[in-house]
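Asks: Sharing a structure below in structure tokens format, with a few things to ask.
The values are calculated or read from the model by the stated rules, or taken from the named source; none is laboratory data. The structure displayed is predicted, hence computed values, not measured ones. Positions of Cβ are backbone-derived with ideal geometry, glycine not excepted, and every protein chain shown enters the neighbour counts. Heads up: the accessible areas ignore ligands, DNA and RNA and are worked out on the full protein's heavy atoms, side chains in. Shrake-Rupley method; radii C 1.70, N 1.55, O 1.52, S 1.80 Å.
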Amino acid sequence: EAGVAQSPRYKIIEKRQSVAFWCNPISGHATLYWYQQILGQGPKLLIQFQNNGVVDDSQLPKDRFSAERLKGVDSTLKIQPAKLEDSAVYLCASKWGGVGTEAFFGQGTRLTVV
Amino acid sequence: GIQVEQSPPDLILQEGANSTLRCNFSDSVNNLQWFHQNPWGQLINLFYIPSGTKQNGRLSATTVATERYSLLYISSSQTTDSGVYFCAVGEAGTALIFGKGTTLSVSS
């Protein structure tokens, strides 16, 4: 089966610009996550969706980050305006959703803010 | 929230050596996964192991849920095993919480 697809793979922007990332989860996976991984650290959750509803966005910096999952399939994560400290890899993951199932990750988008 | 501690933070091995990576977590969990992050940044699923023991080739893992730890064993290590190994845990319905990882370097 196809894995989690993310685009773009790389993005370089100037501070104060905006950027958007796209994720297509594994077919049939109801749960979708966005994680931020800063160099040298483990991934940190930004937001969790169940179908098209938000389950947990407590760690999402809502003044500049937004995410949506229209129709419960694809998702986009947006940063506006970007700051230097947003330089990181943004990982999307999906899971079927039932108890006892594992999450699978996409290849990530590496964002550099200059 | 749940705290996840991995040890050692760094590990340097010669090809062919065996190693054990440890993951301690601070509370009861329903989910536990081990990942290998390759040099290109891809997180590769190794094991889904909230309890018990599993083996896959040269890799095996054991989770003792009652004592809140998990171990990842790598036998006869190869240069392609190099990278960062993450343990991630979670409760039912919640997202995975990651440790800081163990960076493994295997030289020939």
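Asks: Considering only segment A:66-99, state which residues are hydroxyl-bearing (Ser, Thr, Tyr) and either farther than 16 Å from residue A:37 by Cα or at pLDDT below 95 (or both).
Replies: Matches in segment A:66-99: A:66, A:75, A:76, A:94.
Asks: Another question, then. Every residue in segment B:65-91 that is open to solvent by 10 Å² or more (accessible area, probe 1.4 Å) and small (Gly, Ala, Ser), please.
Replies: Those that are open to solvent by 10 Å² or more (accessible area, probe 1.4 Å) and small (Gly, Ala, Ser): B:65, B:75, B:76, B:82, B:83.
Asks: Based on what the data block shows, is residue A:101 open to solvent by 20 Å² or more (accessible area, probe 1.4 Å), without any contact (Cβ under 8 Å) to a residue 60 or more places away in the chain and either more than 13 Å from chain B (Cβ to nearest Cβ) or under 11 Å from the mean Cα position of the chain (by Cα) (or both)?
Replies: Considered against the rule, which asks whether it is open to solvent by 20 Å² or more (accessible area, probe 1.4 Å), without any contact (Cβ under 8 Å) to a residue 60 or more places away in the chain and either more than 13 Å from chain B (Cβ to nearest Cβ) or under 11 Å from the mean Cα position of the chain (by Cα) (or both), residue A:101 comes out as no.
Asks: In addition: Can you name the condition, by its number, that residue B:62 falls short on among (1) in a strand (DSSP E or B); (2) loosely packed, with under 14 Cβ neighbours inside 10 Å?
Replies: The one condition residue B:62 does not meet is (2).
Asks: Additional query: Do any strands (runs of 3 or more DSSP E) entirely within segment A:16-90 hold 2 or more residues that are more than 12 Å from the chain's Cα centre (by Cα) and surrounded by 15 or more Cβ atoms within 10 Å (Cβ to Cβ), and if so, which?
Replies: Filter on segment A:16-90 gives A:53-56.
Each row is one residue, and each column tells you yes or no for (1) within 30 Å of residue A:109 (Cβ to Cβ); (2) polar (S, T, N, Q); (3) away from chain A (no Cβ under 11 Å).
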{"site": "B:12", "(1), (2), (3)": "no, no, yes"}
{"site": "B:21", "(1), (2), (3)": "yes, no, yes"}
{"site": "B:33", "(1), (2), (3)": "yes, yes, no"}
{"site": "B:39", "(1), (2), (3)": "yes, no, yes"}
{"site": "B:47", "(1), (2), (3)": "yes, no, no"}
{"site": "B:65", "(1), (2), (3)": "no, no, yes"}
{"site": "B:77", "(1), (2), (3)": "no, yes, yes"}
{"site": "B:80", "(1), (2), (3)": "yes, yes, yes"}
{"site": "B:84", "(1), (2), (3)": "yes, no, no"}
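Asks: When you scan segment B:34-59, how many residues do you find that are over 13 Å from the mean Cα position of the chain (by Cα) and buried (at least 20 other Cβ atoms within 10 Å of the Cβ)?
Replies: Matching residues across segment B:34-59 total 0.
Asks: If a residue has to be open to solvent by less than 30 Å² (accessible area, probe 1.4 Å) and without any contact (Cβ under 8 Å) to a residue 12 or more places away in the chain to count, how many in segment B:92-108 make the cut?
Replies: Residues flagged as open to solvent by less than 30 Å² (accessible area, probe 1.4 Å) and without any contact (Cβ under 8 Å) to a residue 12 or more places away in the chain within segment B:92-108 amount to 1.
Asks: Right, another one. Given (1) over 15 Å from the mean Cα position of the chain (by Cα); (2) surrounded by fewer than 16 Cβ atoms within 10 Å (Cβ to Cβ), identify the lone condition not met by residue A:113.
Replies: Only one criterion is unmet by residue A:113, namely (2).
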